[in-house]
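One structure is given here, and the rest of the page talks about it.
Bear in mind these aren't lab numbers, they're just calculated from the coordinates by the rules spelled out. Everything numeric in this text was worked out from a predicted model, so none of it was measured. No Cβ is skipped: glycine too gets one built from the backbone with ideal geometry, and neighbour counts run over all protein chains shown.
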Amino acid sequence: MASPQPTVTQLRALVAVADHRHFGRAAASLHVSQPTLSSAVAALERTLAVSLVERTTRSVLLTGVGEEIVRRARVVLGAVDDLTEVALRAREPFAGDLSLGVIPTIAPYLLPRLLPALRGGDGGADAGGRTPPLRLREAQTETLLAELRGGALDLALLALPNDEPGIGEIPLYDEEFVLVTAAAHPLAGGSSLPVAALGGQELLLLEDGHCFRAQALDVCHEAGAQERTALRAASLSTIVQMVAGGLGLTLLPAAAVPVEVGEGRGLAVATFRRPAPHRRVGLAYRTTSARLADWTLLAARIRAALPATGLDLAPVLDGTVVKG
């Protein structure tokens with residue numbers, strides 16, 4: 001007689017608890033009652049004959065084996081969701097919701113200009129007249145990739161490459177970095193600056209966890225610049241305010257300049273000599289997804305919409321799909 005196997009419902013319950021670290025919030029996220037969710041987790045523990053969750057009066061913690069089961073459950077749930085997508089696409093191409101994650105150094109600067117393309121081109125409708133419901137999630141790269149692997153997201157718009165097993169990438173555009181200084185700084189407003197001009201300067205950078213921080217650090221190391229470690233921020237907006245206050249310099253992705261650097265703020269922008277420091281931005285997706293044709297079409301729409309944004313972004317015209 002075959003031994004009992006975990007159910008999809010039980011796995012979803014455990015992953016929700018792992019995500020929210022609270023039974024009530026986890027239940028609400030799945031639209032079930034808390035007793036129903038608790039019963040599903042308890043049933044999973046009985047099925048596997050191991051303790052997965054440590055319940056305390058203040059918090060919910062996962063055991064060591066619980067963490068490992070959650071990691072594997074995310075993969076299983078992603079595959080189950082992809083099976084559903086296979087059937088859905090067979091009935092109606094480009095149907096269903098689109099769940100998109102975006103990193104914070106892209107979301108506020110590009111999304112408002114690209115939403116028509118993300119929702120299906122002209123008028124927000126696809127070739128069949130449908131407007132796929134769009135759900136957006138802003139988070140750091142590590143979080144987005146975890147949610148992508150687990151099936152909570154269909155796509156992630158972020159900096160490439162990530163070299164994640166099971167994650168494919170579609171390049172979209174290249175974005176140069178610029179130097180933002182106080183208006184009175186000697187480098188203010190310069191053009192075609194060599195990266196070496198940053199030598200000896202102190203740069204303000206984002207806190208740990210942001211991929212743009214790592215990219216900016218690479219530029220600092222190349223130039224012989226240093227990070228002002230006593231001052232870090234969670235957003236580019238805060239860093240720009242620090243620059244305006246004379247606390248240092250910073251690097252910005254080009255798309256952020258129209259939003260973050262305006263007249264009357266006491267700031268100036270300098271550009272670098274070509275080839276300038278830059279990042280490549282693209283879409284990440286699960287390689288098991290049945291919707292690669294949709295993602296490729298969406299990527300083409302985004303590239304086609306880039307000139308209309310008025311931003312100095314260079315589309316990656318060959319649209320090479322990179323399998324993870």
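Where the centroid of each part is defined by its Cα atoms, how far is region 132-168 from region 225-300 in Å?
If you average the Cα positions of each part, the centres end up 18 Å apart.
Just tell me the longest site-free run in the chain, where the sites are trypsin sites (Lys or Arg not before Pro) in a DSSP loop having at most 10 other beta-carbon atoms within 10 Å.
It works out to 59-322.
Is the C-alpha gyration tensor of region 226-277 telling us rounded, prolate or oblate? Criteria: a/c under 1.5 is rounded; beyond that, a/b larger than b/c is prolate, otherwise oblate.
oblate
When the Kirkwood hydrodynamic radius is evaluated over all pairs of different C-alpha atoms of region 8-87, what value in angstrom, to one decimal, is obtained? If you can, show how the numbers build up before the last one.
Details: mean 1/r = 0.0784 Å⁻¹.
For region 8-87, the Kirkwood estimate is 12.8 Å.
Given contacts defined as C-alpha pairs under 8 Å and at least six residues apart, what's the relative contact order of the chain, whole-number percent?
Computed value for the chain: 21 percent relative contact order.
State to the nearest 20 debye the size of the charge dipole of the chain about its Cα centre, where the only charges are +1 on K and R beta carbons and -1 on D and E beta carbons.
Result for the chain is approximately 600 debye, rounded to the nearest 20.
Tell me the GluC sites (Glu not before Pro) within region 1-67 that lie in a loop according to DSSP and have at most 15 other beta-carbon atoms within 10 Å.
Filter output for region 1-67: empty list.
Can you list the GluC sites (Glu not before Pro) in region 137-244 that are in a DSSP coil and have 15 or fewer other beta carbons within 10 angstrom?
Glu207
How long are the three semi-axes of the equivalent ellipsoid of region 193-324, in whole Å, if each is the root of 5 times an eigenvalue of the C-alpha gyration tensor, listed from largest down?
One finds semi-axes of 31, 17, 15 Å for region 193-324.
May I have the pair-distance distribution P(r) for region 165-245, computed from all Cα-Cα distances with 5 Å bins from 0 and rounded to whole percent?
3, 12, 21, 25, 20, 9, 5, 3, 1, 0
Projecting each Cα onto the charge dipole of the chain (Lys/Arg +1, Asp/Glu -1 at the beta carbon, about the Cα centre), which of Gly168, Pro108, Ser38 comes out farthest on the positive side?
Ser38
What are the principal axis extents of the Cα atoms in the chain, in Å, biggest first?
In descending order, the Cα extents are 77, 51, 32 Å.
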